[in-house]
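Taking it in order: structure first as structure tokens, then the write-up.
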Amino acid sequence: MEKMEKSCSLLIHFDKGTPALANEIKEALEANDVAAKVDALKKAIMLLLNGETLPQLFITIVRYVLPSEDHTIQKLLLLYLEIIDKTDSRGRVLPEMILICQNLRNNLQHPNEYIRGVTLRFLCRLNETEIIEPLIPSVLANLEHRHPFIRRNAILAVMSIYKLPQGEQLLVDAPEMIEKALASEQDPSAKRNAFLMLFTCAQDRAVNYLLTHVDSVSDWGEMLQMIVLELIKKVCRTNRGEKGKYIKIIISLLNAPSTAVVYECAGTLVSLSSAPTAIRAAANTYCQLLLSQSDNNVKLIVLDRLNELKTSHREIMVDLIMDVLRALSSPNLDIRRKTIDIALELITPRNVDEVVLTLKKEVVKTQSTELEKNGEYRQMLVQAIHSCAIKFPEVASTVVHLLMDFLGDNNVASAIDVVVFVREIIETNPKLRVSIITRLLDTFYQIRAARVCSCALWIIGEYCLSLSEVESGIAAIKQCLGELPFYTVIEDSDGAAAPKPSQQVTSITVSSRRPAILADGTYATQSAASETAIAPPTLVQGMLSSPGNLRSLILTGDFFLGAVVACTLTKLILRLEEVQSSKAEVNKATTQALLIMVSMLQLGQSSYLPHPIDNDSSDRILLCMRLLCNTGDEVRKVWLQSCRESFVKMLADKQFRETQEIKAKAQISHAQPDDLIDFYHLKSRKGMSQLELEDEVQDDLKRATGEFTKDGDDANRLNRILQLTGFSDPVYAEAYVTVHHYDIVLDVTVINRTKETLQNLCLELATMGDLKLVERPQNYTLAPESSKQIRANIKVSSTETGVIFGNIVYETSNVLERNVVVLNDIHIDIMDYISPATCADVAFRTMWAEFEWENKVAVNTVIQDEKEFLDHIIKSTNMKCLTAPSALDGECGFLAANLYAKSVFGEDALVNVSIEKQADGKLSGYIRIRSKTQGIALSLGDKITLKQKGSS
């Protein structure tokens with residue numbers, strides 16, 4: 001335990017397989033073979049690092065290793081000296097360490113530069129004043145050595161000695177000496193170390209040096225410039241009034257040749273200033289880095305910075321939208337996604353045309369090049385164009401026809417996005433209706449996905465209004481269905497009957513006859529639908545290679561699509577009755593539609609397909625048939641008007657929700673009425689640059705709008721205080737828990753309730769779950785009735801609920817054994833790690849199908865209202881309801897809703913709530929949670945089980 005508490009400045013991988021024996025090491029060290037000595041020293045160091053003491057080796061090393069002139073041995077010797085115990089149990093330096101002192105002094109005066117340099121570096125890690133004190137004159141002499149390697153390490157040694165508890169007495173005038181050295185130093189690395197020493201130990205001197213050499217900062221080396229930026233940040237945090245003169249230095253460094261310096265400059269500018277000039281300079285810098293850097297990780301980090309700028313300075317970022325979009329040239333999908341997300345929030349009426357033109361070019365590129373993730377990228381672009389067209393309807397006309405080429409896309413998700421976009425545009429842009437319908441009818445045969453076909457058929461049924469459109473719609477559907485019936489029964493030579501899908505008169509049969517064994521064991525010949533290629537004379541040549549899309553899909557057993565075809569034909573016939581004066585034509589079209597529906601029902605009930613038609617689709621097709629045979633005005637109104645009205649209402653509802661979300665985001669917390677505002681405009685402006693004036697104006701605005709108010713002053717702070725021990729315990733402890741994404745900070749207040757001094761008081765913590773304690777808190781001495789603040793840092797690596805438990809151990813002067821106070825467990829809440837998020841219905845369903853972890857929680861609650869229970873679950877789980885409020889309205893005794901949230905680790909949490917009201921008024925049902933990882937599903941399930949009763 002004692003070993004664990006010591007500080008360690010050295011880590012080496014140790015293979016525990018064959019540990020070396022102390023005797024073997026001793027023999028090797030006493031030998032004259034240099035290679036054997038090196039090997040033995042390495043083994044000794046590894047054993048020491050793994051808890052062995054090896055006291056017998058010290059004298060051997062002093063006798064046989066210390067005099068060696070070999071550089072490797074000298075370096076290993078210093079590592080050995082670094083890790084051995086140099087003090088006894090009372091903290092006094094061991095007497096044998098005097099032997100080491102003389103050797104170190106010799107090394108510091110050694111003619112070889114390497115020996116001097118590594119010895120100076122070793123002194124940086126020594127904490128024992130008694131060993132260091134005799135060496136100080138030699139260290140100071142090395143500050144003026146001719147070789148820069150020695151000077152730079154001598155400066156670091158001076159800094160670490162000065163930082164020791166008695167360092168200021170050992171080296172009284174160290175800052176002054178280092179300042180002199182800095183003035184005459186030419187080596188970039190030594191200059192950096194000297195400036196770092198002043199920055200750490202004598203900040204005023206560092207500031208003076210910087211301000212006297214302000215014109216030459218841009219010529220300094222990269223390492224020194226980075227320290228300058230650190231100094232500026234530190235000075236400006238403590239004294240905000242001084243930042244004007246420093247911002248000029250940062251602006252001058254934006255042209256530095258080092259990209260690391262440029263990146264740091266931009267970050268420093270944003271953190272210090274809100275002046276438009278400064279923010280614009282930082283944003284331009286980020287955009288240049290985005291294009292000039294080839295590393296994808298760098299691009300992602302820069303995009304994160306731009307995203308932060310977009311949130312706080314949107315008006316400046318709007319001008320740079322085209323520079324940001326140039327990052328789409330990267331083939332990485334994550335970079336493209338982030339770039340598009342940033343650009344979509346910067347779109348204004350001024351730049352929308354340029355943005356959409358860029359996105360269109362990218363869509364065309366995905367068509368011409370064959371890349372692995374082209375389909376997914378195209379889908380992202382389609383969604384981006386969709387959102388542009390919804391915000392700015394005037395751009396829809398320029399993109400809708402281009403996107404309609406992708407209705408037959410092999411990437412089904414991309415094709416669905418296109419058809420949903422077309423459906424929304426045809427309703428919101430009445431001027432485009434005719435051209436969209438014409439184009440859709442021309443390209444309908446290319447659609448290969450059932451869901452895309454369903455949506456396209458709905459559009460045809462709702463928006464074919466004129467006679468020619470209605471007739472074209474019916475003709476297109478008939479062509480894609482092919483010749484009727486879908487199959488025929490043919491007799492084979494031995495009299496057995498076999499079902500055979502019907503061929504069109506003009507069809508080409510490709511190896512269509514194949515022997516099939518019937519139920520009674522006889523042979524029949526069967527022609528498979530997928531082996532016939534329809535060639536209707538009206539369609540283009542490309543059609544000859546495959547059967548009609550609707551026919552193929554229905555012959556695979558997709559009867560839901562069959563029901564959609566029946567509904568679309570019904571709507572088209574009802575509209576034909578309104579626009580066609582010839583009754584005979586209407587009757588002819590009606591009989592053809594009825595024949596199609598009867599054929600589908602016949603196919604569904606035949607033995608040709610492995611699965612018969614489902615009841616829902618069968619009822620829907622029968623309803624359409626009854627309707628066509630007997631049409632009333634009320635029914636006509638439902639079919640021709642109500643569907644469209646529902647769709648319009650859905651779009652309006654969606655737009656309203658988006659508007660409400662934007663309004664909620666726009667609400668900023670304002671300052672209190674009695675808060676002081678410093679009216680800078682009434683002050684003197686003498687000697688101030690334009691940038692400083694801008695900065696002051698922006699600060700005034702921030703102060704007025706409450707952006708400087710601290711988040712920590714809310715009542716929620718009290719909720720995070722956890723009592724760890726009882727009031728009657730000799731030691732009272734409570735913890736304030738702060739969660740920062742990947743870190744948890746416990747601020748533990750410990751109070752000595754006794755009249756005795758508590759010695760070696762230690763807060764011992766242990767964790768369970770994906771939590772890791774960063775450091776072990778040290779021992780303290782606590783006076784009677786006094787208190788102590790102890791801080792513990794914990795790393796989090798996943799969303800799994802973790803537990804922190806432990807105890808407080810202490811000794812009192814009159815009792816020899818240690819006392820232990822056991823602490824209450826601290827449960828780390830999953831709610832700190834997940835936040836509400838939105839995703840499209842399609843994406844939700846895809847993830848629901850893919851995710852393998854499911855946790856099913858039965859509903860058990862005293863709440864009797866379905867809507868109230870859903871609201872309670874949303875509030876308890878910190879999730880967002882994806883189901884539209886309009887879909888949850890009404891009193892029907894049932895409720896189903898989807899909830900979604902994202903964790904800080906990028907994990908998705910999906911929840912489906914399905915509840916039903918029983919006859920006795922109680923709610924029953926299930927809440928199902930799905931996620932990619934087990935932790936989040938289990939943690940959310942536990943949280944819901946705990947909270948669903950409705951008591952809290």
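Neighbours of VAL750, meaning other residues whose beta-carbon lies under 15 angstrom from its beta-carbon, give a summed charge of -4 when Lys and Arg score +1 and Asp and Glu score -1.
Applying 0.36 nm per residue to the separation of HIS71 and VAL598 and subtracting their alpha-carbon distance, the gain on full extension is 180.2 nm.
Taking each residue as 0.36 nm, the span from HIS213 to HIS401 lengthens on full extension beyond its C-alpha to C-alpha distance by 61.5 nm.
Give a quick list of trypsin sites (Lys or Arg not before Pro) in segment 73-179 that DSSP marks as loop, anything other than H, G, I, E or B, with at most 12 other Cβ atoms within 10 Å. Sites meeting the loop and neighbour criteria: ARG90, ARG92, ARG146. By a 1.4 Å probe calculation restricted to protein chains, TRP853 has an accessible surface near 100 Å², given to the nearest 10.
Residues whose amide H falls under 5 Å from that of TYR487, counting only those 5 or more places apart or on a different chain, are SER502, with hydrogens built in the peptide plane. Straightening the chain between ASN23 and GLN580 buys 189.7 nm, computed as 0.36 nm per residue apart minus the Cα-Cα spacing. Computed from backbone phi with θ = phi - 60° and the Karplus coefficients 6.51, -1.76 and 1.60, the 3J(HN,Hα) list for segment 174-181 is 4, x, 5, 5, 5, 5, 5, 4 Hz; x is used for glycine and proline. Backbone amide hydrogens, once placed in the peptide plane, bring HIS110 within less than 5 Å of nothing, excluding anything fewer than 5 places away on its chain.
For segment 900-937, backbone nitrogen atoms closer than 20 Å to the point 7 Å from LYS856 Cα along Cα-to-C-beta are found at 910-918, 923-937.
With the simple model of a label 7 Å out from the Cα in the direction of the Cβ, ILE136 to CYS643 spans 9.3 nm. Computed from the C-beta positions of GLU661 and THR488, the FRET efficiency with R₀ = 56 Å rounds to 0.50. Based on alpha carbons, the Rg and Dmax found for segment 56-151 are 13.2, 42 Å.
Pairs over the 20 Å Cα-Cα cut-off, from the set LYS478/LYS571; LYS867/LYS917; LYS867/LYS932; LYS37/LYS86: LYS867/LYS932; LYS37/LYS86. Across segment 40-56, coupling constants 3J(HN,Hα) worked out from phi with the 6.51/-1.76/1.60 Karplus curve, θ = phi - 60°, read 5, 4, 4, 5, 5, 4, 5, 5, 4, 5, 9, x, 6, 9, 6, x, 5 Hz, and Gly and Pro carry x. A Förster distance of 30 Å, applied to the separation of the beta-carbon atoms of LEU10 and GLU176, puts the FRET efficiency at 0.35.
A crude spin-label estimate for the pair GLU52 and ALA896, with each label 7 Å from Cα along the Cβ direction, gives 6.8 nm. Taken along its three principal axes, the alpha carbon spread of segment 269-367 comes to 45, 34, 17 Å, from the longest extent down to the shortest.
Past 23 Å, Cα to Cα, is the threshold; run LYS654/LYS880; LYS360/LYS431; LYS338/LYS361; LYS795/LYS856 against it and keep the listed order. From the list (LYS654/LYS880; LYS360/LYS431; LYS338/LYS361; LYS795/LYS856), the Cα-Cα distance tops 23 Å for LYS795/LYS856.
Length, then width, then depth: along the principal axes, the Cα atoms of segment 171-292 run 47, 31, 20 Å. Per-residue Karplus couplings for segment 106-116, computed as 6.51 cos²θ - 1.76 cosθ + 1.60 with θ equal to phi - 60°, are listed in order as 4, 4, 5, 10, 5, x, 7, 5, 5, 4, 4 Hz, Gly and Pro entered as x. Obtain the nm distance between the two label points defined at VAL364 and ASP889 by a simple spin-label model: each point lies 7 Å from its Cα along the Cα-to-C-beta direction. Calculated label separation equals 4.5 nm.
The values are calculated or read from the model by the stated rules, or taken from the named source; none is laboratory data. Quick caveat: nothing in here was measured; it's all calculated off a predicted structure. Positions of Cβ are backbone-derived with ideal geometry, glycine not excepted, and every protein chain shown enters the neighbour counts. Calculation scope for accessible area: heavy atoms of the full protein, side chains included, ligands and nucleic acids excluded. Shrake-Rupley method; radii C 1.70, N 1.55, O 1.52, S 1.80 Å.
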